[in-house]
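Here the structure is laid out as structure tokens; the discussion comes afterwards.
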Amino acid sequence: MVKTWAEFTPEPGRPFLKMQGLENHFVIVDGRETGYFPSPDEAAHICNPRTGIGADQLLIIQPPTERGAKAGAYAFMRIINIDGQDAEACGNATRCFAWLMLEETGLDAIVLETVVGPLRCQRKGHKIVSVEMGRITTQWDRIPLQHATDTVHLDISAGPLFDGIALNIGNPHVVYFVDDLDSVNLESVAPSIQNNPIFPNKVNVGAAQVVRDDYIRSGVYERPGLLTRACGSGACVAVRAAQLRGLTSQNRVTVEMPAGLVDVEIKSDNSAVLTGPVEYCFSGTLPGPERNSA
């Protein structure tokens, strides 16, 4: 039986919007008026590019909590990874989410609430957004690690990755400095580090090459097991790690990732400001059972 074009179009349901920040893709759903609480399987299905919409993370707009509202937050950003589990932080996701909220309000600055606290975001140009990512720490129990150890010279290695630096910027990272980033196959060597028992919550594994004092190249193998084209939080910790190792004396550094460039500023309190581009992709209606999950 022949179907008309209209019969192939989605049924009415819960709308979504897709955005990308340096090819880091996000599906964004508004759950403020009608709560949206997808199961892990539903979230994973949405993020799966073969069976769903396809994204690196699912972002849900929620009303701020009472604590967030007191801090001036306009909305709460829930972040869900491709395995359906909640994530603590993502720089590129926050920039995309912030741009959407800035467009909605017409403001040039806004505060967003996340599970790690409020983040101040600003419009810096046409589809250019900065986000104050919070403080970066190397304190072992806040990363967290299973036991106390030297986090600036972490004795966990795999292939060309050795002598790492463990940090937390709302989510856990380990950064390894290499002479030639192009020679490192992160997809091959990073999983054993990511799943090392010393990291109870697993870890984002980064390799970084310092090209010059104000320019770093970075690649990141993210939790739960994904080599991304860009990682905003990974860019921030790469700069802080370079400072800790004496590889840069700069507080403002350009970080090059496979998908493009971001600007990272490390302030005197070791907090990071991430600035980079965002882009709207398309919108539609959620597929399958996810369209009306509440």
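Just a few scattered comments:
- Filtering the stretch 180-207 to residues that are open to solvent by less than 60 Å² (accessible area, probe 1.4 Å) and within 20 Å of Gly91 (Cα to Cα) leaves Gln194, Val203, Asn204, Val205, Gly206, Ala207.
- Restricting the stretch 58-72 to residues that are open to solvent by 10 Å² or more (accessible area, probe 1.4 Å) and touching a strand residue (DSSP E or B) at 6+ places or on another chain (Cβ under 6 Å), the residue that is farthest from His173 (Cα to Cα): Gly72
- All conditions but one from (1) of a type outside the set (Ser, Thr, Tyr); (2) open to solvent by 30 Å² or more (accessible area, probe 1.4 Å); (3) not in a strand (DSSP E or B) apply to Val210; the one that does not is (3).
- Within the stretch 13-47, being assigned to a strand (DSSP E or B) and open to solvent by less than 10 Å² (accessible area, probe 1.4 Å) holds for Met19, Gly21, Asn24, Phe26, Val27, Ile28, Val29.
- Considering Arg291, Arg223, the condition of being at pLDDT below 95, closer than 16 Å to Asn24 by Cα and not hydroxyl-bearing (Ser, Thr, Tyr) is satisfied by Arg223 alone.
- Boolean, Val152 is of a type in the set (A, V, I, L, M, F, W, C), under 24 Å from Thr254 (Cβ atoms), open to solvent by 20 Å² or more (accessible area, probe 1.4 Å) and not in a strand (DSSP E or B): yes
The values are calculated or read from the model by the stated rules, or taken from the named source; none is laboratory data. The structure presented is a predicted model; accordingly, all values stated were derived computationally and were not measured. Quick reminder, even Gly has a Cβ in these numbers, built from the backbone with ideal geometry, and neighbours come from all protein chains shown. Remember, those area values only see protein heavy atoms, side chains included, never the ligands or the DNA or RNA. Shrake-Rupley method; radii C 1.70, N 1.55, O 1.52, S 1.80 Å.
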